[in-house]
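**Student:** Have a look at the structure that comes next, please.
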Amino acid sequence: MTERFVFGFVASVDSLWDLVGSGLDASELLTDVDREFVDMFDDEFGAGVSLTSCAQEVLAGELDENHAYPYARVVEPILTVVAEPVGMIHMAHTYYLPNDSFGRWNPVLATLGLDRLAELWAAANCAFPWPRGRTPPRDWPCVTELSPPMLAEIAAELAGGWRATLTTVADSVLADGDGPDRAGHTRAEMNDGLEHLATWVERARTRSTARRRCVGPDGNSLLLVMDGGQ
């Protein structure tokens, strides 16, 4: 069964981009990254391209266009150690929503009245480690920044009546020909995912006491990293 995962991180994007060209040592920075992730990364790219070597290029500010995809893979482990991880949304049933949107949830979010979130969900608008404002060379894994102004808009939407509306969405919008059980599982998963997201949004908007290199007391963004099946 193909699935997706969305990982949330609270971070100061100014501090995050300060890492590029900072000269920090990648081995030291990534000390606490899960060994299984390191091995998986190194196995995927083979000889000459490792998690540590790619992170070192980022920290040295010596970006290689040929390593665009490995750099996209480096974002999650870097965020794990410099930002504040806030959780994971599991897209098992909602991966199969019957639409062709990049983020799968987008049309349903619009149906729920979450129009701003529908615009931003799975938007590849965070180019890190490439220069800010640039379109990322690779859009997968998909990294989305929800900036403080965006978080305010999304918080207002999530404070509305989407929960009640979700109960009335037609089964055909949620599942394709697999009956009410499949639609029910999809509805429940989206409800849980949006509840998690609402918690993350509030966490990002609250004054932080996290002692992380790239988390400030105020003005943080919420970064969403979407990975898994395409």
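Readers should treat all values here as calculations from the given coordinates under stated rules, not as data from a laboratory. Everything numeric here is computed off the predicted structure, so don't read it as measured data. Positions of Cβ are generated from backbone atoms using ideal geometry, with glycine treated the same way; all protein chains shown enter the neighbour counts.
**Student:** So how much slack lies between ALA164 and GLN230, counting 0.36 nm per residue of separation and subtracting their Cα-Cα distance, in nm? Walk me through the numbers before you get to the answer.
**Tutor:** Working: separation 66, 0.36 × 66 = 23.76 nm, distance 3.00 nm.
Contour length minus Cα-Cα distance gives 20.8 nm.
**Student:** Dividing the alpha-carbon Rg of the chain by 2.2 N^0.38 Å yields what?
**Tutor:** Taking the Cα Rg and dividing by 2.2 N^0.38 Å, one obtains 1.05.
**Student:** Taking a spot 7 Å from the Cα of SER15 along the direction of its beta carbon, which residues of the range 69-98 have an amide N less than 13 Å from it?
**Tutor:** Inside the label zone: 79-85.
**Student:** So which GluC sites (Glu not before Pro) in the range 38-140 end up in coil per DSSP with only 15 or fewer other C-beta atoms within 10 Å? Before the final figure, lay out each step's value.
**Tutor:** On the way: sites: GLU44, GLU57, GLU62, GLU65, GLU119; in loops: GLU62.
Those that pass, being in a loop and sparsely packed, are GLU62.
**Student:** Quick one: putting +1 on the C-beta of Lys and Arg, -1 on the C-beta of Asp and Glu, what dipole do you get for the chain around its Cα centre, in Debye to the nearest 20? Let's see the in-between values first.
**Tutor:** Numbers: 17 positive and 35 negative charges, 147 e Å.
Roughly 700 debye for the chain.
**Student:** While we're on this one: About the Cα centre of the range 1-136, how large is the charge dipole given +1 on each Lys and Arg Cβ and -1 on each Asp and Glu Cβ? Please answer in debye to the nearest 20.
**Tutor:** Working: 7 positive and 21 negative charges, 132 e Å.
Once rounded to the nearest 20, the dipole reads 640 debye.
**Student:** Just grab the label-to-label distance for ASP100 and SER172, each label 7 Å out from Cα along the Cβ direction, in nm (one decimal).
**Tutor:** 1.9 nm
**Student:** Over all distinct Cα pairs, what is the inverse of the mean 1/r for the range 154-206, reported as the Kirkwood hydrodynamic radius in Å?
**Tutor:** Mean inverse Cα-Cα distance, inverted, gives 12.1 Å.
**Student:** Full-extension gain between THR31 and SER53, please, as 0.36 nm times their residue separation minus the C-alpha to C-alpha distance.
**Tutor:** Gain on extension, THR31 to SER53, equals 6.6 nm.
**Student:** At what distance in nm do the modelled label points of ASP115 and MET40 sit from each other, each positioned 7 Å from its Cα along Cα→Cβ?
**Tutor:** Once both label points are built, they end up 3.8 nm from each other.
**Student:** Follow-up. Positive end of the charge dipole of the range 96-230 (Lys, Arg +1 and Asp, Glu -1 on Cβ, about the Cα centre): tell me which of THR165, THR111, ALA127 has its Cα farthest that way.
**Tutor:** Of THR165, THR111, ALA127, it is ALA127.
**Student:** Expressed as an acute angle from 0 to 90° and rounded to the nearest 10, what is the orientation of the C-alpha long axis of helix 179-205 relative to the principal long axis of the chain?
**Tutor:** Approximately 50 degrees, to the nearest ten.
**Student:** If you don't mind, there's one more thing I want to ask. Can you pull a Stokes-Einstein diffusion coefficient for the range 140-230 at 20 °C (1.002 mPa s), Rh from Kirkwood over Cα pairs, as a whole number of µm²/s? It would help to have the intermediate numbers written out before the result.
**Tutor:** Details: Rh = 15.3 Å.
Result for D is 140 µm²/s.
**Student:** Which one of PRO85, SER53, ALA152 has its Cα pushed farthest toward the positive end of the charge dipole of the chain, where Lys and Arg give +1 and Asp and Glu give -1 at the Cβ?
**Tutor:** ALA152
**Student:** Place a point 7 Å from the Cα of MET88 along the Cα-to-Cβ direction; which residues of the range 185-221 have their backbone N under 20 Å from it?
**Tutor:** 186, 188-201
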